[in-house]
1. From the list 84, 71, pick out the single residue that is among the aliphatic types (A, V, I, L, M) and more than 23 Å from residue 148 (Cβ to Cβ).
2. Residues in the stretch 51-88 that are assigned to a helix (DSSP H, G or I), among the β-branched types (Val, Ile, Thr) and open to solvent by 20 Å² or more (accessible area, probe 1.4 Å): how many?
3. Going by what's in this entry, would residue 81 be described as of a type outside the set (Phe, Trp, Tyr) and modelled with pLDDT of 90 or more?
4. Which count do you get for residues in the stretch 3-39 that are assigned to a strand (DSSP E or B), of a type in the set (Val, Ile, Thr) and either closer than 30 Å to residue 97 by Cα or modelled with pLDDT under 90 (or both)?
5. Considering only residues that are more than 27 Å from residue 83 (Cα to Cα) and surrounded by 12 or more Cβ atoms within 10 Å (Cβ to Cβ), which ones fall in the stretch 25-45?
6. When only residues in the stretch 137-173 that are in a helix (DSSP H, G or I) and of a type in the set (D, E, K, R) count, which is nearest to residue 111 (Cα to Cα)?
7. If I go through the stretch 1-24 residue by residue, how many of them are in contact with a Lys or Arg (Cβ under 9 Å, 6 or more places away or on another chain), more than 21 Å from residue 175 (Cβ to Cβ) and open to solvent by 90 Å² or more (accessible area, probe 1.4 Å)?
8. Quick test of your reading of the structure: residue 121 fulfils all but one of (1) open to solvent by less than 50 Å² (accessible area, probe 1.4 Å); (2) among the charged types (D, E, K, R); (3) more than 19 Å from residue 41 (Cβ to Cβ). Name the failing condition by number.
Amino acid sequence: GIPVELGWTEHPEVHGTTINASRATVGIKAITSRRNLLMFSLRRPPSWQPVGFLADVAACFATRGLSMDLLSSSCSEIRCTLDLSAFPSVEAELPEILGELEKTCEVRLIRPVASVSLVGKNVNRALFGEDQDFGLSEEALLMVVHAANENHVSVVLVEEAAEMLVARAHQRLIEEAEGSHELGATWNELLARKTNDKGEAEWAM
């Protein structure tokens with residue numbers, strides 16, 4: 001119940017962001033994206049949850065000190081990503097990794113891909129609700145990873161679709177928050193309000 005104030009260090013008189021216990025409205029609150037990801041599609045013959053499948057896949061990466069970034073699974077397929085920014089050595093080790101994985105399953109490498117992550121209240125509904133249309137085609141959308149609390153969702157897409165989704169999600173965030181207390185002034189508006197003793201703007205855009 002203790003509110004947290006985030007301010008502008010150089011100009012503490014400018015009102016910043018308040019984090020408090022007020023009830024959040026449904027919708028997107030934050031958006032982030034990452035590029036330079038590898039996605040692995042790993043398949044075994046269809047059966048009900050092959051025993052040890054996920055453990056075998058995880059062990060292949062773990063023995064090389066690699067951590068699966070995003071993960072989605074079904075009864076016969078696992079899809080996961082590796083972040084090349086975090087593990088640049090993957091490129092050199094890729095032939096060995098693929099060879100090891102192919103001992104246990106059918107492997108398909110998909111690249112380049114990007115991820116877009118959305119945080120908010122019931123963000124699953126904000127992204128996939130009946131009244132929402134972000135223009136994503138089945139070919140562009142490769143994987144969806146949901147958080148158990150429905151307040152976070154990440155989607156993996158072909159790289160060219162990620163930029164479009166980020167732009168549309170930001171536009172939706174701004175439209176839904178317009179007129180509310182949740183979204184403050186823009187950067188340009190903050191600079192326009194900052195004036196010197198003569199009432200003149202100190203910064204020119």
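1. On the way: 71 fails: more than 23 Å from residue 148 (Cβ to Cβ).
Matching residue, one of 84, 71: 84.
2. 0
3. Yes.
4. 7
5. 25, 26, 27
6. Within the stretch 137-173, the match that is nearest to residue 111 (Cα to Cα) is 159.
7. Kept after step one, since they are in contact with a Lys or Arg (Cβ under 9 Å, 6 or more places away or on another chain), are these residues of the stretch 1-24: 11, 13-14, 23-24.
With more than 21 Å from residue 175 (Cβ to Cβ) added as a condition, the list becomes 11, 13-14.
Within this subset, residues satisfying the condition of being open to solvent by 90 Å² or more (accessible area, probe 1.4 Å) are 13.
Of the residues in that region, 1 qualify.
8. Among (1) open to solvent by less than 50 Å² (accessible area, probe 1.4 Å); (2) among the charged types (D, E, K, R); (3) more than 19 Å from residue 41 (Cβ to Cβ), residue 121 violates only (1).
The values are calculated or read from the model by the stated rules, or taken from the named source; none is laboratory data. Treat the numbers as computed from the prediction; the structure is a model and nothing was measured. Note that each Cβ is placed from the backbone with ideal geometry, even for glycine, and that neighbours are counted across all protein chains shown. Note: accessible area is taken over every heavy atom of the protein model, side chains too, but ligands, DNA and RNA are not part of it. Shrake-Rupley method; radii C 1.70, N 1.55, O 1.52, S 1.80 Å.
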